[in-house]
Amino acid sequence: MNEITRISPVTDDEATRMARPQTLADLANQITAMPVETPSGGYRLAGQRAGRSHKRRALLVVPLVAGLSAAAAFVAVAGNFTSAPHVTSNRASGQALPATQTAQALAFTTSPGGGLTVIVRDPLADPAVFRAEFARRHLDITLQMRPVSPSLVGSVFYMDEPGNGPHLVPITAKGACDTPGGGDVCPVGVQIPAGFRGPAEIDFGRAARPGEQYVSTGSAFAPGEAMYGMSIRGETVTEVVGQLRDRHVSVAYFNVQGSTGNGLVHSVPGGWYVYDADPWAPGQVMLFVGPTEQQPAPTPPPGNPVPTPTS
Amino acid sequence: MCMVSKGETWKGESVLSPPVASDSRQDRFQAMYQACHAAVLGYVVRRTASPEDAADVIAETFLTCWRRLEEVPSSPEARLWLFGVARRTLANHHRGERRRLALADRLRDDLAITYRPPQHTAEESRIVAAFRRLPADQRELLALNAWEGLDYGQIAVVLGCSRNTVRVRMFRARKRMASELASVPAPALWGSLARTEMAHE
């Protein structure tokens, strides 16, 4: 339809040119550095092809870099991870559930209006246990508790509901989660409305254990994060690494900006400059660095006047 | 609906090098990303009025793709699968379920610099006004056809319905659009009204 084509805001090429090529390449590189687990809690090394499974996605773990101690520790922790035993139900099918049913990992309560409120009771349970407890109630819900940086603990960081029925309402618990050391409390959950059909997937952030890489992160400078209160403006790699050492924080990777390359490296010249940082794992960050004090700025194409913004 | 104009762009050649032929998950993702990132950027940027939202939705779409790589069909269908994910992620954002991803920080910074509201002629403003009066699902149908250039079969894949359903709904959407266009005042009267309406976005 010609009229609609006329009012297309941008073409694909124009949209792509609104981002720096380095930014787009970095995004892909950072995404592919994220670890992925198999649903049963098993792990597979990078390079081995995942088998296709019918119901579940077959996913594989990619250790970050061979020899990186954090990755090795992650695999070791995973190998020692004991999953909660599967709950077997003695209940005959057809019996109604009482108003509050406390299962091993999840607590279900019926809400007025016919919905369900579900709270996580064991945030460190194997995701297969959550899945099974939902499945017992004919709910196609995948709930996962994943390690995240401190400012995201207790919040939702991923949700997908491809169906077109009524949606889940997440229940968050920011500030009320304590999983790594002393406790295993992180009372997040979902409200399931009557008429919910699924499927749905929801990932909550829990505190990371030593050696676990964060699967989602807030700003490295937010309260609770490794670089809270630090200023890196105009500082060199040597200066920043020194300040981090005082805080018992190390650098997992340097992410090189600018035309000299892309990707993650383990060492850069100390005289290079630090532009930004991301949390990486407990006690570890990733630094964005480059040889010049200023990061490259965008160049407007020649001959294009910059329109003044309205309102 | 997105309010973006052809504003500043970034100079520089692509740093997305073609992947070495290989089986590995990373190589498969990089190949798909190289083939599809422009289409996803265009799709999302055309439908968001905020650079922050656009960056988060784009990053989340590709993160989903990485996590569910086995489900992504091979080209050319991969693009349609990605539009479906982007559409649902956008819907989450509009419902208020926004998640700021650190992953998207640099993209957010870039888009915040280059984002500009579009400058429409009087006639285009008239079309925009009529388009906005349509319900969201009709706008999406017309946009997938006119902006992404998808045919009915491809739209059916993105929306998860049958081709025949697309055909029927498209007929209704076009009819509605024509009637809205006919009811909007002629350009001569529209000049100052259009500027007022734009200012409220």
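None of the figures in this text is laboratory data; all of them are computed from the coordinates on show. Computed from a prediction, not measured in an experiment: that's the story for all the values here. Note that each Cβ is placed from the backbone with ideal geometry, even for glycine, and that neighbours are counted across all protein chains shown.
Take the residues of segment B:66-79 that are out of contact with any Asp or Glu (no Cβ under 9 Å at 6 or more places or on another chain) and within 22 Å of A:Val10 (Cβ to Cβ): which is surrounded by the fewest Cβ atoms within 10 Å (Cβ to Cβ)? Per the stated criteria, the residue is B:Pro76. Within segment B:42-74, the set of residues being more than 9 Å from every other protein chain (Cβ to nearest Cβ) and farther than 13 Å from B:Arg99 by Cα comprises B:Thr48, B:Ala49, B:Ser50, B:Val72, B:Pro73, B:Ser74. Checking each residue in segment A:146-178 for being over 10 Å from the mean Cα position of the chain (by Cα) and aliphatic (A, V, I, L, M) picks out A:Val153, A:Met159, A:Leu168, A:Val169, A:Ile171, A:Ala173, A:Ala176. Of all residues being of a type in the set (Gly, Ala, Ser) and within 20 Å of B:Ala104 (Cβ to Cβ) in segment A:198-223, which is surrounded by the most Cβ atoms within 10 Å (Cβ to Cβ)? Just the residue, please. Here the residue is A:Gly205. No other residue among B:Ser74, B:Ser125 is hydroxyl-bearing (Ser, Thr, Tyr) and touching a residue at least 40 places away in the same chain (Cβ under 8 Å) apart from B:Ser125. Only a single item in (1) within 29 Å of A:Cys186 (Cβ to Cβ); (2) out of contact with any Gly (no Cβ under 8 Å at 6 or more places or on another chain); (3) crowded, with 20+ Cβ neighbours inside 10 Å is not met by A:Phe254, and it is number (1).
Anything in segment B:164-181 that is over 22 Å from the mean Cα position of the chain (by Cα) and within 12 Å of chain A (Cβ to nearest Cβ)? List them, or say none. Passing the criteria: B:Lys175, B:Ala178, B:Glu180, B:Leu181.
A quick yes/no check of all residues on (1) within 13 Å of chain B (Cβ to nearest Cβ); (2) in a strand (DSSP E or B):
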residue	(1), (2)
A:Tyr214	yes, no
A:Ala220	yes, no
A:Ile232	no, no
A:Gly242	no, no
A:Asn255	yes, yes
A:Gly258	yes, no
A:Ala277	yes, yes
A:Val285	yes, yes
A:Phe288	yes, yes
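Selection of segment B:90-103 for residues being more than 11 Å from the chain's Cα centre (by Cα) and either within 7 Å of another protein chain (Cβ to nearest Cβ) or under 23 Å from B:Val158 (Cβ atoms) (or both) yields B:Ala91, B:Asn92, B:His93, B:His94, B:Arg95, B:Glu97, B:Arg98, B:Arg99, B:Leu101, B:Ala102, B:Leu103.
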